[in-house]
Number of protein chains: 2
Amino acid sequence: MEELITLDYGSGGKKTSELIENILLPQIGNDKLSELGDGAIVEGFSELVFSTDSFVVSPLFFPGGDIGKLSVCGTVNDISVCGATAKYLSLAFIIEEGLPFATLKKIVNSISNEAKKAGVIIVTGDTKVVERGKADGIFINTSGIGFLKHKGLSPKNIKPGDAVILSGTAGDHGAAVMLARGDMLKGEINSDCASLNELCSMVLDSGAGVRVLRDPTRGGVATTLNEFIENTDLGIEIFEDKIPIAPKVEAACEILGLDPLYSANEGKILAIVSADTAEKAVSAMRKTKEGKNAQIIGKVTEENPGKLILRTKYGGGRILQKLSGAQLPRIC
Amino acid sequence: MEELITLDYGSGGKKTSELIENILLPQIGNDKLSELGDGAIVEGFSELVFSTDSFVVSPLFFPGGDIGKLSVCGTVNDISVCGATAKYLSLAFIIEEGLPFATLKKIVNSISNEAKKAGVIIVTGDTKVVERGKADGIFINTSGIGFLKHKGLSPKNIKPGDAVILSGTAGDHGAAVMLARGDMLKGEINSDCASLNELCSMVLDSGAGVRVLRDPTRGGVATTLNEFIENTDLGIEIFEDKIPIAPKVEAACEILGLDPLYSANEGKILAIVSADTAEKAVSAMRKTKEGKNAQIIGKVTEENPGKLILRTKYGGGRILQKLSGAQLPRIC
């Protein structure tokens, strides 16, 4: 029987990794692709970071943001966590015939506002329109170029004893989008959708020993932490009572049957930092609006290599694997 | 009544310009956006060209190419016509649930082959999957970075008396895709889909006085020539009997009710070159496989400012405006 691609393959979790490893890398693998996660350094006379992301979020508008804002933040953040200053964006629309002009204007306005806020300029673009029923309102791709400032960030730098820092509450974006799809609790939760260039600069400039930064989007905190340690001799332990989760997000996730640790974030970073400078990193984050709830949530261990363990409030331990299906399709 | 976006707005012609001018530029305009058509120079220590394009062609496979090959050629060409050497590509997929793996593999294989041929590497990517009925098989975005080699190419350089050169036959891609949609004449025409970095280098390195290069994709030769002279004091005159058109393309266009001069090309360039060096430019083009049918097809005039005039075989003259509707939707 012919194998078909299912929604799971766009989840950002295990299935997405499989798709990349089995279908993409054998054909287009090269030593620059994905060495920094979502961004790529390209050589100029200066080193550049180059990143791309398509946005297919449904609904297009949700509390705290919309597809336009998201499409700027997403690429700015992918570049920022590589240690670069995001500077130039491209912007490509695939629009479904029948989209109201008013909707497009609102989206473009969001893009413009967020680009100004993030200090990036859109230097090239493209617009395609497809027939009704061949897209879903609008899809947006942004790609971005940034100038590398802090070199050498990589999961390879992680050492036993390092601290795991989360810059704020987990799972807000995923919960906000899911609630926006239903009628229940509508508008109760805001997406954390934000450009994190300032937050990343603050922690990188603080002098703390930052090993790696990453924005835990699709697949959430649990998936990103798994990515840091997969195929290594190291484990990560996180402590349930240290992880900031907004009470409304916790409640909504319970109702929806989601886990906030797998729910997407669009305005958070995970940082692995040398233990002795972890407090310095947290203080630096807390000086920014986006990082005011930053917390040390766990540590890197020699035990349980390759595994992420959640230590519960009651002392138990639970393995958190990478997201394996489409818990939250069309979330970004 | 609420205004709705129609297919016309994705045609690459007048309506697309309106969308860009009325909706996009007021919000995101800046002095780098679109100064070189589809590519943007960004400052590094070296000057870079940055370009983006989404591909929504239907059908996904057509004689002479497929959406994968097209997605590499399209961005390589946008960079090449800016006078830059394309080097790095990003690659982002929006896949419709239910796409056969075999189809994706075939597309990725095409991407890989064409990237090798064009000497570009794919350094970053993204994959999203949407539900059945929310996309159409697969949409691809590529963005690209190139290093600027030949500075200053611009329609602003065009002078009266300059020669208009077309690098080969007009309208092949559009005709090939249209035929691939029906049963009639299926497979009779090959798309010209090709990476034109060598062709562009040859003509730019030839020492000819090249004012501007552009690849006449959506909207075809007539639309691109209109873009060169709109809002200027110059006109362009092209001669019907000088324009290379493959007999099969001419026949197919007649049957389909299309005009080859508005039909998309994906492997051709239009060059405006100082008259005294035009033959040198044509010779340089003809040394490449893609430019072997290059021809001087017309000239820049002081008469008829802002207008493109087609001189027919019978001595008459006809104004060719920019493409105004969606003659060929989903062509790239």
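The values are calculated or read from the model by the stated rules, or taken from the named source; none is laboratory data. All values derive from a computational prediction rather than experimental measurement. Glycine also receives a Cβ, built like all others from the backbone with ideal geometry; neighbour counts cover every protein chain displayed.
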Notebook entry, point to check: Checking residue B:106 against (1) touching a helix residue (DSSP H, G or I) at 6+ places or on another chain (Cβ under 9 Å); (2) part of a strand (DSSP E or B), which single condition isn't satisfied?
Noted result: (2)
Next item on the list: Pick out the one residue from B:167, B:143, B:195 that is touching a Phe, Trp or Tyr at 6+ places or on another chain (Cβ under 8 Å) and either modelled with pLDDT of 90 or more or among the acidic types (Asp, Glu) (or both).
Entry: B:143
Next item on the list: Tally the residues that are among the β-branched types (Val, Ile, Thr) and at the interface with chain B (Cβ under 7 Å from one of its Cβ atoms), restricting the search to region A:86-104.
Entry: 2
Check: Hey, does region A:278-293 have a residue that's touching a residue at least 24 places away in the same chain (Cβ under 8 Å) and in a strand (DSSP E or B)?
Finding: no
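Take region A:149-177 and flag every residue that is crowded, with 21+ Cβ neighbours inside 10 Å, in contact with a Leu (Cβ under 8 Å, 6 or more places away or on another chain) and not small (Gly, Ala, Ser).
Passing the criteria: A:153, A:164, A:165, A:166, A:177.
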Check: Restricting attention to region B:201-227, which residues are closer than 20 Å to residue B:259 by Cα and not small (Gly, Ala, Ser)?
Finding: B:214, B:215, B:216, B:217, B:218, B:221, B:223, B:224, B:225, B:226, B:227
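Take region A:177-189 and flag every residue that is among the small types (Gly, Ala, Ser) and either touching a residue at least 40 places away in the same chain (Cβ under 8 Å) or within 13 Å of residue A:82 (Cα to Cα) (or both). Before you say what the answer is, go through the steps one by one.
Keep residues of region A:177-189 that are among the small types (Gly, Ala, Ser), which gives A:180, A:182, A:187.
Within region A:177-189, A:180, A:187 qualify.
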Next item on the list: Would you mention how many residues in region B:214-254 are of a type in the set (Phe, Trp, Tyr) and more than 21 Å from residue B:77 (Cα to Cα)?
Entry: 1
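Identify, from the list A:254, A:279, the residue that is among the acidic types (Asp, Glu) and within 30 Å of residue A:56 (Cβ to Cβ). Give the derivation first.
Details: A:279 fails: within 30 Å of residue A:56 (Cβ to Cβ).
Within the list A:254, A:279, the selection yields A:254.
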Margin query: Can you tell me which of (1) in a helix (DSSP H, G or I); (2) under 21 Å from residue A:219 (Cα atoms); (3) over 21 Å from the mean Cα position of the chain (by Cα) is the one residue A:232 doesn't meet?
Written below: (1)
Checklist line | Pairs with Cβ under 9 Å, 6+ apart, first in region A:190-210 and at positive phi, second surrounded by fewer than 18 Cβ atoms within 10 Å (Cβ to Cβ) | finding: A:207/A:277; A:207/A:280
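Of everything in region B:235-244, what is outside any helix (DSSP H, G or I) and among the acidic types (Asp, Glu)? Give them in sequence order. Step through it out loud before you land on a result.
Filtering region B:235-244 down to residues outside any helix (DSSP H, G or I) leaves B:235-239, B:243-244.
Selection gives B:237 alone.
Is it the case, given these coordinates, that residue A:78 is of a type in the set (Asp, Glu), in contact with a strand residue (DSSP E or B) (Cβ under 7 Å, 6 or more places away or on another chain), in a helix (DSSP H, G or I) and at pLDDT 65 or above? Spell out how you get there, then give the answer.
Working: of a type in the set (Asp, Glu): yes; in contact with a strand residue (DSSP E or B) (Cβ under 7 Å, 6 or more places away or on another chain): yes; in a helix (DSSP H, G or I): yes; at pLDDT 65 or above: yes.
When the stated conditions are applied, residue A:78 passes them.
Taking the criterion of being within 25 Å of residue B:114 (Cα to Cα) and either at pLDDT below 95 or outside the structural domain of residue B:140 (by TED's automatic domain parsing) (or both), would at least one residue in region B:295-317 satisfy it? Show your work before the answer.
The initial filter retains those residues of region B:295-317 that are within 25 Å of residue B:114 (Cα to Cα), namely none.
Among the residues of region B:295-317, not one is within 25 Å of residue B:114 (Cα to Cα) and either at pLDDT below 95 or outside the structural domain of residue B:140 (by TED's automatic domain parsing) (or both), which makes the answer no.
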Checklist line | All positions within region B:105-117 that are more than 9 Å from chain A (Cβ to nearest Cβ) and either among the basic types (Lys, Arg) or over 16 Å from residue B:67 (Cα atoms) (or both) | finding: B:106, B:116, B:117
Margin query: Suppose we filter region A:178-201 for residues that are of a type outside the set (Val, Ile, Thr) and crowded, with 20+ Cβ neighbours inside 10 Å; how many remain?
Written below: 12
